[in-house]
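Please read the structure below before turning to the comments.
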Amino acid sequence: MPEQPADLHLNLLKIVTLLVLFPLLYVLACRSLPAPRRGIGHDPNGKEDRADPHRTQEEPERPVPLSITTMPDYRFSDIPSRPENVRGNLGRSPARNWQHIVIHHSATETGGMDSFDRVARRERGWKGVGYHFVIGNGHGAGDGEVEVTFRWEDQIHGAHAGVEQYNEYGIGICLVGDFNTGYPTEQQIRALVSLITYLQERNNIPTSEILLHRHLKNTACPGEKFSDPFIKVLSLLRR
Ligand SMILES: [Zn+2]
């Protein structure tokens, strides 16, 4: 017997239901289930979910890395001949025959004059921080802020070079940062060029006496990533 039109419509409705409705229900059912955890394989007993030792607590937020991993351009059109952002008395009349400028890094990502001063007193038994100047990176001291230590204000020797001549007659400048892993900030380099320019003019120090700590002794200071910024610094000096 040939199929009646009504039967045909009924069969079509069944097919449409199978093709559309069931997949739709399946998708909705899947979405309401909890998402599977990463790194956990098939576990028929559901025990691993509860026993995973690495996921017993909320994942801690990753700290924002402080190091600058790509070298900034250090392109400046206007570097003042005296730093603008200064904490302390920069304009002391030189009372010593300063002959060199020695550049260091703190080998820490954060810090400033006060924190280095505390470490020098407490852990080393020194009079205080060993540098004459500290240039902050925005984490502990202002970004590009020049901090003048008591050694410059009192015009006394430094404790930074590990070589007597350079401690006695070298002006120690420390940039906050670990330049084994990252680069100094734009504002630090701007402040450094400005400070060196000022000190060179006041003390008649030639650019050949602008030195890195590692030029004086066997140390990585101020870090291998300071090599290219140092070339930039030298190119921006006026003497
Ligand atoms: Zn050093």
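The values are calculated or read from the model by the stated rules, or taken from the named source; none is laboratory data. Computed from a predicted model, the values in this text were never measured in an experiment. Counting neighbours? That spans all protein chains shown, and the Cβs are built from the backbone with ideal geometry, glycine included.
Structural remarks
- Scoring L90 on the criteria (1) within 16 Å of the ligand (Cβ to nearest atom); (2) in contact with a Leu (Cβ under 9 Å, 6 or more places away or on another chain) leaves a single failure, condition (1).
- Condition check for T219: over 20 Å from S93 (Cα atoms), in the same structural domain as H100 (by TED's automatic domain parsing) and of a type in the set (S, T, N, Q): yes
- The number of residues in the stretch 69-83 that are closer than 21 Å to F226 by Cα and surrounded by 10 or more Cβ atoms within 10 Å (Cβ to Cβ) comes to 6.
- Within the stretch 156-171, residues that are assigned by TED's automatic domain parsing to the domain that holds I135 and farther than 10 Å from V102 by Cβ reach partners that are assigned to a helix (DSSP H, G or I) and of a type outside the set (A, V, I, L, M) with beta carbons closer than 6 Å, at six or more positions or on different chains, in the pairs H157/N167; H157/E168.
- Subset of the stretch 176-214 [within 12 Å of the ligand (Cβ to nearest atom) and within 16 Å of L237 (Cβ to Cβ)]: L211, L212
- Residue within the stretch 215-225 that is away from the ligand (no atom under 16 Å from the Cβ) and assigned to a helix (DSSP H, G or I) present: no
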